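> I'd like to ask some things about the structure below.
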Amino acid sequence: MSSDLLDKGYEPKAVEERWNRFWLEENLFSADAVSDQKSFSIVIPPPNVTGVLHMGHALNNTLQDILCRYRRLRGDNVLWMPGTDHAGIATQNVVEKELAREGKTRHDLGREALIEAVWEWREKYGSAIINQLKRLGASCDWDRERFTMDEGLSQAVRKVFVELYEEGLIYKGNYIINWCPRCLTALADLEVEHEESEGRLYHILYPFPNQKGGIVVATTRPETMLGDTAVAVNPDDERYADLTEDSVILPLMNRKIPVVRDKYVDMSFGTGGLKVTPAHDPNDFEIGVRHNLPAIKVIGDDGIMTSEAGRFQGLDRFKCRAQVVKALEKENLLKQVEPHQHSVGCCYRCNTVIEPNLSKQWFVKAKPLADKAIEAVESGKTRIIPTTWENTYYDWMRNIKDWCISRQIWWGHQIPAWTCGDCEEITVSMDTPETCVKCGSKNLVRETDVLDTWFSSALWPFSTLGWPEKTELLKTFYPTSVLVTAFDILFFWVARMMMMGIHFMKDVPFKDVYIHAIVRDEEGKKMSKSTGNVIDPLVVIDQYGTDAFRFTLTAFAAQGRDVRMSEKRVEGYRHFVNKLWNAARFSLMHIQDGEFDAAEDSISRENERLSLPDRWILSKLDRLTTSVSDSLETYHFNEAASNLYQFVWHEFCDWYLEAIKPVLYGKHGEEAMQASKHVLWKVLKDTVILLHPIIPFITEEIWSKLPGTKGSIMQAVFPGDQPGRRPMIDPDAESHMALVVDTITGIRNIRGEMGISPSMALSARIQSDNPESLNVVREYASIIKNLARLNEFMIDESGEKPKSAAMAVASGMVIYVDLEGVIDFEKESLRLEKEITKIAKELTTISKKLNNEDFLAKAPDEVVQNVREKNAGLIEKQQKLQSNLERVRKLHED
């Protein structure tokens, strides 16, 4: 394209804005609904419309973008379907908080006005997360963006509900559900977050009615005892084998309740007696069903005690607990109170302690749907990667409970069910019915509940493609190729998409599920606002650029291992981005005026004009192309990044560019210069293509300056797929270059260890009894002399060690570097001794600190760790200096 040189320094902000705008204007992210190309599709895990970009989003979408950009380079017709989730509870909470600031509640507005207010909020703020994803470089087909409440998806949701109801897979019934007294809605099991809490275990005596004694039960929630309808014991418990009493008196309520025998009771816990509260515990509910016990609701939906709680009516549930305990003590029925560590369920949205509550809700019969979803993974129709997550998936699916899908809020998909006010028959319909299906009455009342957000999300892979219409998009891109997601929504979302996709599309929703780890801080701790260790992706992007941030995420995205993130790491990869920029800038200075239309044809292993560095770098590039392709095909993103880093920084920049500089400056003739320019052009071109999926902005910028390229780099051909491509792997070139590199490295190591200036020319001698190695060294002596900064280079089969020479061994050869006149041994010895003494004093000071128990106990952990790291670094430095001192003394003796 343009032959203009790159700017001296890489400024990411301007580059990113320019190319983001270009990609969108040129519709380079768009997929074709009908195409002869192989299709590749991903549906984005839709972020909540209330969301802002966090580290989890950044990792997840970076990995998806890498796959999409990679598949485009491979020639696929790629659809990355974007969209957002209406996030029922979360979004309504945001709007309700705004109303609260005005002194209003949702009930002041009414349902229709609140829903209108939420839509207005969505129009105003809902695009924030989308714009942030665009900044990340996400190459979604943005013109096809969907929203879980848009018209098409709403139709799909209603159709699915109606069909499942007609098939008997959706029903309405009483059940114990997780209830949030703050949000005033039911929660699915997966929407409850469990936290370890230091509570108390209360041992309460339930007296026998006709004799002394009774059964002692233990509970962490004494307020629920007011709704007890039985005490249960295990029929195998010998302690109750001779029990003649068939009932006990419920304390404080003075109500006789039966003693039932049930195998659920854990005989090893306490006395083996279990209070049974069917209205406020899921396990007690099941016992109640088995023994036909009544369910008495003593805690209301608002967390306030009901009239069934007797004298405790009107109390908050936790205040009631305190009053119940006080009353039990007064009646001498509280036998023991002990500390008890237990898990407490909290609402995932507002962190309020949830209340198991008896309620009439809508449910999906999950087991019939789950069985086919299990079989799909077992048969390999869908792969879960890493496979370690398969057992977790199976365990959850095989123990699945019916899914509570109704929520008592207003924002969401209102359940399409109407109850007849005359005969109470329920009508479920796609369209609003005019009359009751049973009695013909027009007195119909619409269900006020809305569907769980995850219900609409479960249809995402096919509803976004146009279902229930049989669209070309659906035909081309379903099932999707891969779902990239975090493990924490494996059950919330992935399993449910599997169930719905198989049931309605008769095929799995995706062929692969890649589960990535979570992003933690550099110490491996979970990021949270309370601990103050949250890293804001947008701040990182502003400071270091998107490409450096993306490369960091990719480099640490190893399968099954959490990503440890820190700004220092991003800064490190910013150096890598700068290294690439500088290498490209240097390269373009030499190839900008070249003709490269036939360059690919002139490059082959058999071309005698190619130098050893040329053949070597082409061989390494060939191997890199295969390794990057293999890594991305198998979701080993970190391996792709690692191999690219090694190639760019070390092989391309450190060795190849340095080796060919004399050639590029014409010191080896015009023919050699043109050959190396062609190779340099190809290597730079293919390297930026290979890097593009991970760091799209800088590679597009470099591509735009490369001669012989057309259009966007997104339309380039992946190096492995180029027509007429010749294999370039050259084992001889690799082994010969390895020997040359080892030799140069050996000489450089001596230079570094002895503190010799890099600019000082040295004299070196190589000795070996291997003639093949010596022949290679002779053939490429000019490269060694140039890169090792030698003014004299001698090659011998054997000989004695020269006096005052430092020695190194490389590839079985002995290297001697003459230090006579280079180093003043006496001065160097004195300098080293002085440095060693100085370090010894520092170590004494640090040692006192580390042996001071007061310092270790009171100083912050970070300060102590820094002192320990400094101590270790000084010890290592001291050892190196001592080794060098001994070496200098030995050389001086020679």
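> Considering the range 303-326 alone, what residues qualify as being outside any helix (DSSP H, G or I) and open to solvent by 80 Å² or more (accessible area, probe 1.4 Å)? Let's see the steps before the verdict.
So in the range 303-326, the residues outside any helix (DSSP H, G or I) come out as 303-306, 313-316.
Answer for the range 303-326, where residues must be outside any helix (DSSP H, G or I) and open to solvent by 80 Å² or more (accessible area, probe 1.4 Å): just GLN313.
> Which residues, counting only those in the range 706-734, are in contact with a Phe, Trp or Tyr (Cβ under 7 Å, 6 or more places away or on another chain), in a loop (DSSP other than H, G, I, E, B) and either of a type in the set (Val, Ile, Thr) or free of Cβ contacts under 8 Å to residues at least 40 places away in the same chain (or both)?
Across the range 706-734, the qualifying residue is only THR709.
> Follow-up question, since we're still on this one. For residues that are of a type in the set (A, V, I, L, M) and either open to solvent by 10 Å² or more (accessible area, probe 1.4 Å) or touching a Pro at 6+ places or on another chain (Cβ under 8 Å) (or both), scanning just the range 338-367, find the one that is nearest to TYR202 (Cα to Cα). Spell out the reasoning first.
Initially, the range 338-367 is screened for residues of a type in the set (A, V, I, L, M), giving 344, 353-354, 358, 364, 366.
Imposing the further condition that a residue be either open to solvent by 10 Å² or more (accessible area, probe 1.4 Å) or touching a Pro at 6+ places or on another chain (Cβ under 8 Å) (or both) reduces the set to 344, 353-354, 358.
Values: VAL344: 16, VAL353: 19, ILE354: 20, LEU358: 24 Å.
Among those residues, the one meeting the criterion is VAL344.
> Look through the range 831-842, keep the residues that are closer than 15 Å to ARG887 by Cβ and of a type in the set (A, V, I, L, M), and return whichever of them is surrounded by the fewest Cβ atoms within 10 Å (Cβ to Cβ).
Filtering the range 831-842 for residues closer than 15 Å to ARG887 by Cβ gives 831-833, 835-836.
Now narrow it down to the ones that are of a type in the set (A, V, I, L, M): 832, 836.
Details: LEU832: 20, ILE836: 16.
Checking each candidate, the answer is ILE836.
> Sticking with this one: Quick one: would you say SER441 is among the polar types (S, T, N, Q), touching a strand residue (DSSP E or B) at 6+ places or on another chain (Cβ under 7 Å) and more than 13 Å from PHE161 (Cα to Cα)?
yes
> Moving on to the next point. In this structure, does ARG71 turn out to be open to solvent by 10 Å² or more (accessible area, probe 1.4 Å), over 26 Å from TYR514 (Cβ atoms) and either among the polar types (S, T, N, Q) or out of contact with any Asp or Glu (no Cβ under 9 Å at 6 or more places or on another chain) (or both)? Step through it out loud before you land on a result.
Working: open to solvent by 10 Å² or more (accessible area, probe 1.4 Å): yes; over 26 Å from TYR514 (Cβ atoms): no; either among the polar types (S, T, N, Q) or out of contact with any Asp or Glu (no Cβ under 9 Å at 6 or more places or on another chain) (or both): yes.
Spelling it out, it is not the case that ARG71 is open to solvent by 10 Å² or more (accessible area, probe 1.4 Å), over 26 Å from TYR514 (Cβ atoms) and either among the polar types (S, T, N, Q) or out of contact with any Asp or Glu (no Cβ under 9 Å at 6 or more places or on another chain) (or both).
> Among the residues in the range 110-117, are any over 29 Å from ASP431 (Cβ atoms) and in contact (Cβ under 8 Å) with a residue 60 or more places away in the chain? Full working, then the answer.
Step one: of the range 110-117, the residues over 29 Å from ASP431 (Cβ atoms) are none.
Checked the range 110-117: no residue is over 29 Å from ASP431 (Cβ atoms) and in contact (Cβ under 8 Å) with a residue 60 or more places away in the chain.
> For GLU329, state whether it is closer than 24 Å to LEU187 by Cβ, assigned to a helix (DSSP H, G or I) and modelled with pLDDT of 95 or more. I'd like the intermediate steps shown before the answer.
Working: closer than 24 Å to LEU187 by Cβ: no; assigned to a helix (DSSP H, G or I): yes; modelled with pLDDT of 95 or more: yes.
No; evaluated as a whole, the condition is false for this residue.
> Sticking with this structure for a sec: Suppose we filter ALA659, ALA641 for residues that are aliphatic (A, V, I, L, M), under 30 Å from SER139 (Cα atoms) and part of a helix (DSSP H, G or I); which single one remains?
Criteria check complete, one pass: ALA641.
> Related question: Give LEU358, LEU369 a once-over and let me know the one that is in contact (Cβ under 8 Å) with a residue 24 or more places away in the chain and either within 23 Å of SER343 (Cβ to Cβ) or touching a Gly at 6+ places or on another chain (Cβ under 7 Å) (or both). Lay out the reasoning, then the answer.
Working: LEU369 fails: either within 23 Å of SER343 (Cβ to Cβ) or touching a Gly at 6+ places or on another chain (Cβ under 7 Å) (or both).
Going through LEU358, LEU369 in turn, just one is in contact (Cβ under 8 Å) with a residue 24 or more places away in the chain and either within 23 Å of SER343 (Cβ to Cβ) or touching a Gly at 6+ places or on another chain (Cβ under 7 Å) (or both): LEU358.
To keep it simple, each residue is scored yes or no on (1) open to solvent by 10 Å² or more (accessible area, probe 1.4 Å); (2) more than 30 Å from ASP488 (Cα to Cα); (3) touching a Phe, Trp or Tyr at 6+ places or on another chain (Cβ under 8 Å); (4) not basic (Lys, Arg).
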residue	(1), (2), (3), (4)
GLU196	yes, no, no, yes
PHE208	yes, yes, no, yes
THR219	yes, yes, yes, yes
GLU223	no, yes, yes, yes
VAL231	no, yes, yes, yes
PRO235	yes, yes, no, yes
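> So, one more: Within the range 736-767, restricting attention to residues that are in contact (Cβ under 8 Å) with a residue 40 or more places away in the chain and among the hydroxyl-bearing types (Ser, Thr, Tyr), which residue is surrounded by the fewest Cβ atoms within 10 Å (Cβ to Cβ)? First the steps, then the outcome.
Of the range 736-767, the ones in contact (Cβ under 8 Å) with a residue 40 or more places away in the chain are 736-751, 753-756, 760, 762-767.
Remaining after also requiring among the hydroxyl-bearing types (Ser, Thr, Tyr): 743, 745, 763.
Details: THR743: 27, THR745: 15, SER763: 18.
By that ranking, first place goes to THR745.
> Restricting attention to the range 332-369, report how many residues are modelled with pLDDT under 90 and of a type in the set (Phe, Trp, Tyr).
1
> In addition: Determine which member of the set GLU123, GLU145 is open to solvent by 20 Å² or more (accessible area, probe 1.4 Å) and at pLDDT 90 or above. Reasoning before the result, please.
Working: GLU123 fails: at pLDDT 90 or above.
Just one listed residue meets the conditions, GLU145.
> Confirm whether ASN174 is out of contact with any Pro (no Cβ under 7 Å at 6 or more places or on another chain), under 23 Å from ASP284 (Cα atoms) and modelled with pLDDT under 95. Please lay out each step first, then the result.
On the way: out of contact with any Pro (no Cβ under 7 Å at 6 or more places or on another chain): yes; under 23 Å from ASP284 (Cα atoms): yes; modelled with pLDDT under 95: yes.
The answer is yes for ASN174.
> Just one of HIS54, HIS107 is open to solvent by 30 Å² or more (accessible area, probe 1.4 Å) and within 17 Å of the chain's Cα centre (by Cα); which is it?
Details: HIS107 fails: within 17 Å of the chain's Cα centre (by Cα).
HIS54 is the lone residue from the list that is open to solvent by 30 Å² or more (accessible area, probe 1.4 Å) and within 17 Å of the chain's Cα centre (by Cα).
> How many residues are buried (at least 16 other Cβ atoms within 10 Å of the Cβ) and in a loop (DSSP other than H, G, I, E, B) if we restrict to the range 288-302?
7
> Does ALA738 count as assigned to a helix (DSSP H, G or I), within 30 Å of VAL809 (Cβ to Cβ) and of a type outside the set (Lys, Arg)?
Working: assigned to a helix (DSSP H, G or I): yes; within 30 Å of VAL809 (Cβ to Cβ): yes; of a type outside the set (Lys, Arg): yes.
When the stated conditions are applied, ALA738 passes them.
> Residues GLU792, GLU800: which one is without any contact (Cβ under 8 Å) to a residue 12 or more places away in the chain, outside any helix (DSSP H, G or I), open to solvent by 20 Å² or more (accessible area, probe 1.4 Å) and not β-branched (Val, Ile, Thr)?
Numbers: GLU792 fails: without any contact (Cβ under 8 Å) to a residue 12 or more places away in the chain.
The conditions single out GLU800.
> For residues that are over 57 Å from the mean Cα position of the chain (by Cα) and among the acidic types (Asp, Glu), scanning just the range 798-843, find the one that is modelled with the highest pLDDT.
GLU820
> Going through GLU375, GLU329 one at a time, which residue ends up being more than 26 Å from ILE296 (Cα to Cα), out of contact with any strand residue (DSSP E or B) (no Cβ under 7 Å at 6 or more places or on another chain) and without any contact (Cβ under 8 Å) to a residue 24 or more places away in the chain? Let's see the steps before the verdict.
Working: GLU329 fails: more than 26 Å from ILE296 (Cα to Cα).
When all the criteria are applied, what remains is GLU375.
> Looking only at residues that are in a strand (DSSP E or B) and in contact (Cβ under 8 Å) with a residue 40 or more places away in the chain in the range 258-287, which one is surrounded by the fewest Cβ atoms within 10 Å (Cβ to Cβ)? Full working, then the answer.
Of the range 258-287, the ones in a strand (DSSP E or B) are 258-261, 273-276.
Those left that are additionally in contact (Cβ under 8 Å) with a residue 40 or more places away in the chain: 259, 273-276.
Working: VAL259: 19, GLY273: 25, LEU274: 26, LYS275: 25, VAL276: 27.
Selected residue: VAL259.
> Now a separate question. Name the one entry in LEU644, LEU657 that is surrounded by 15 or more Cβ atoms within 10 Å (Cβ to Cβ), over 26 Å from the mean Cα position of the chain (by Cα) and under 19 Å from ARG615 (Cα atoms).
Working: LEU644 fails: over 26 Å from the mean Cα position of the chain (by Cα).
None of the other options fit; the residue is LEU657.
> Does LEU243 satisfy the condition of being surrounded by fewer than 22 Cβ atoms within 10 Å (Cβ to Cβ), without any contact (Cβ under 8 Å) to a residue 24 or more places away in the chain and among the aliphatic types (A, V, I, L, M)? Write out each step before concluding.
Numbers: surrounded by fewer than 22 Cβ atoms within 10 Å (Cβ to Cβ): yes; without any contact (Cβ under 8 Å) to a residue 24 or more places away in the chain: yes; among the aliphatic types (A, V, I, L, M): yes.
Yes.
> Please go through the range 102-121 and give me each residue that is in a loop (DSSP other than H, G, I, E, B) and under 20 Å from GLN408 (Cβ atoms), ordered by number.
Scanning the range 102-121 gives LYS104, THR105, GLY110.
> Next up: Name the residues in the range 848-878 that are exposed (fewer than 12 other Cβ atoms within 10 Å of the Cβ) and farther than 20 Å from GLU522 by Cβ, would you?
Within the range 848-878, LYS848, ASN851, GLU853, ASP854, ALA857, LYS858, GLU876 qualify.
> Applying the selection to the range 370-386, what residues are open to solvent by less than 10 Å² (accessible area, probe 1.4 Å) and either at positive phi or not β-branched (Val, Ile, Thr) (or both)?
ALA370, ALA373, ALA376
> Among the listed residues TYR202, TYR175, TYR171, identify the single one that is of a type in the set (Ser, Thr, Tyr) and over 27 Å from TYR348 (Cα atoms). Break it down stepwise before answering.
Numbers: TYR175 fails: over 27 Å from TYR348 (Cα atoms); TYR171 fails: over 27 Å from TYR348 (Cα atoms).
None of the other options fit; the residue is TYR202.
The values are calculated or read from the model by the stated rules, or taken from the named source; none is laboratory data. For clarity, every value in this text was computed on a predicted model and none was experimentally measured. Here Cβ is always computed from backbone atoms with ideal geometry, including for glycine, and neighbour counts include all displayed protein chains. Keep in mind that these areas ignore ligands, DNA and RNA; they rest on the heavy atoms of the full protein, side chains included. Shrake-Rupley method; radii C 1.70, N 1.55, O 1.52, S 1.80 Å.
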